[in-house]
Amino acid sequence: MTSIGTGYDLSVSTYSPDGRVFQMEYANKAVDNSGTAIGLRVKDGVVLAVEKLIQSKLLVAGANKRIQSADLHIGIVSSGLVADGRHLVNRAKDEAQAWRDIYRQPIPGKTIADRLGQYVSAYTLYSSVRPFGVGTIVGSMTDGVPSLYMIEPSGLYWGYHGCAVGKGKSVAKTEIEKLKLDEMTVREAVNEITRIIYTCHDDAKDKDFELELSWICAESHSKHQFVPKDVKDEAERLAKAALDDEMEE
């Protein structure tokens with residue numbers, strides 16, 4: 001960033017002469033410095049995973065969840081500033097509840113992504129606020145049809161078959177592109193997404209991490225739930241075995 005410190009980065013409402021908004025770039029940097037989060041949309045559901053870096057050995061395992069539910073059928077995982085992610089989840093809960101109050105039915109995945117995108121975008125328009133330093137992946141299941149969206153700090157959102165945010169996103173995207181997601185079941189996706197998280201993690205540079213896994217599928221009755229412990233443990237065992245095999249080769 002050649003223009004750092006020239007005054008164009010003091011406000012999110014100010015463009016630099018070459019058309020850049022530096023505060024937006026700084027927000028993306030906050031996301032890129034955080035643990036990797038991945039979402040996969042397969043033929044019978046959605047799987048979410050996050051590499052939750054352990055900041056202190058004193059933290060209670062399983063506390064401070066990075067994957068949360070916005071509604072019964074909506075799961076959200078974020079990478080970046082944890083407090084910003086929680087704020088967006090609370091906003092998503094309000095939107096989902098408001099939709100149920102008015103229409104008496106669950107909010108569609110595209111609608112919740114659109115409303116969150118507009119909300120995030122509003123924080124890039126005024127000098128009195130700062131952008132959200134968080135990349136958010138939203139997975140949902142409506143009438144048996146899975147959907148997956150990713151919302152960037154700019155408020156831009158896209159629908160995906162598979163997406164990743166965080167420090168390991170480049171490696172994760174390369175691995176995701178190798179998968180045949182349209183033919184994959186959620187059980188297979190759990191194993192693959194776990195392997196990708198372990199592949200992205202750099203033991204030499206990064207702190208220890210805790211893996212969080214959730215899914216929305218027929219097995220969970222189309223509700224967003226954390227993956228059962230036995231399924232998760234088996235997926236982690238296979239991921240570690242695959243890594244050991246790669247190192248031996």
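Counting Lys and Arg as +1 and Asp and Glu as -1 over every other residue whose Cβ lies under 13 Å from the Cβ of SER140, the net charge comes to 0. Simple point charges give the picture: +1 on the Cβ of Lys and Arg, -1 on the Cβ of Asp and Glu, and for the stretch 120-246 a dipole about the Cα centre of about 540 debye. Report the percentage of all Cα-Cα pairs in the stretch 150-246 whose separation exceeds 20 Å, rounded to a whole percent. Summing the P(r) tail past 20 Å for the stretch 150-246 gives 44 percent. The trypsin sites (Lys or Arg not before Pro) found in the stretch 51-84 that occupy coil by DSSP, while having at most 13 further C-beta atoms within 10 Å, are LYS57. Find which of ALA242, ALA164, LEU148 sits farthest along the positive direction of the dipole of the chain, computed with +1 on the beta-carbon of Lys and Arg, -1 on that of Asp and Glu, about the Cα centre. Final value for the positive-end residue is LEU148. Solvent exposure of VAL120, expressed as accessible area, is near 0 Å², computed with a probe of 1.4 Å over the protein chains only.
Note that the stretch 158-164 has calculated 3J(HN,Hα) couplings of 9, x, 10, 8, x, 8, 8 Hz, one per residue in order, obtained from phi through the Karplus relation 6.51 cos²θ - 1.76 cosθ + 1.60 (θ = phi - 60°); glycine and proline are x.
Across the accessible surface of the chain, with the other protein chains kept in place and a 1.4 Å probe, carbon and sulfur atoms take up 51 percent. Using a Förster distance of 41 Å, how high is the FRET efficiency between TYR126 and ASP208, based on the Cβ-Cβ distance and rounded to 0.05? The formula returns an efficiency of 0.55 here.
Summing Lys and Arg as +1 and Asp and Glu as -1 over all other residues whose Cβ lies under 10 Å from the Cβ of ILE67 gives a net charge of +2. Its DSSP H runs of at least 4 residues, each contributing -39,500 (n - 2.57), put the calculated 222 nm mean residue ellipticity of the chain at -12000 deg cm²/dmol, to the nearest 500.
Which value results when the Cα radius of gyration for the stretch 54-171 is divided by 2.2 N^0.38 Å?
For the stretch 54-171, the normalised Cα radius of gyration is 1.09.
Of the three principal axes defined by the Cα atoms of the stretch 1-68, the extents in descending order read 46, 40, 18 Å. Averaged over its residues, the stretch 175-249 has an accessible area of 59 Å² per residue, based on protein heavy atoms and a 1.4 Å probe.
Centroid-to-centroid, using Cα positions, the stretch 144-161 and the stretch 202-249 are 22 Å apart.
The values are calculated or read from the model by the stated rules, or taken from the named source; none is laboratory data. What you are looking at is a predicted structure, and each value in this text was computed from that prediction instead of being measured. Please note: Cβ atoms are built from the backbone with ideal geometry, for glycine as well, and neighbour counts cover all protein chains shown. Accessible surface is based on the protein model in full, side chains and every heavy atom, while ligands, DNA and RNA are left aside. Shrake-Rupley method; radii C 1.70, N 1.55, O 1.52, S 1.80 Å.
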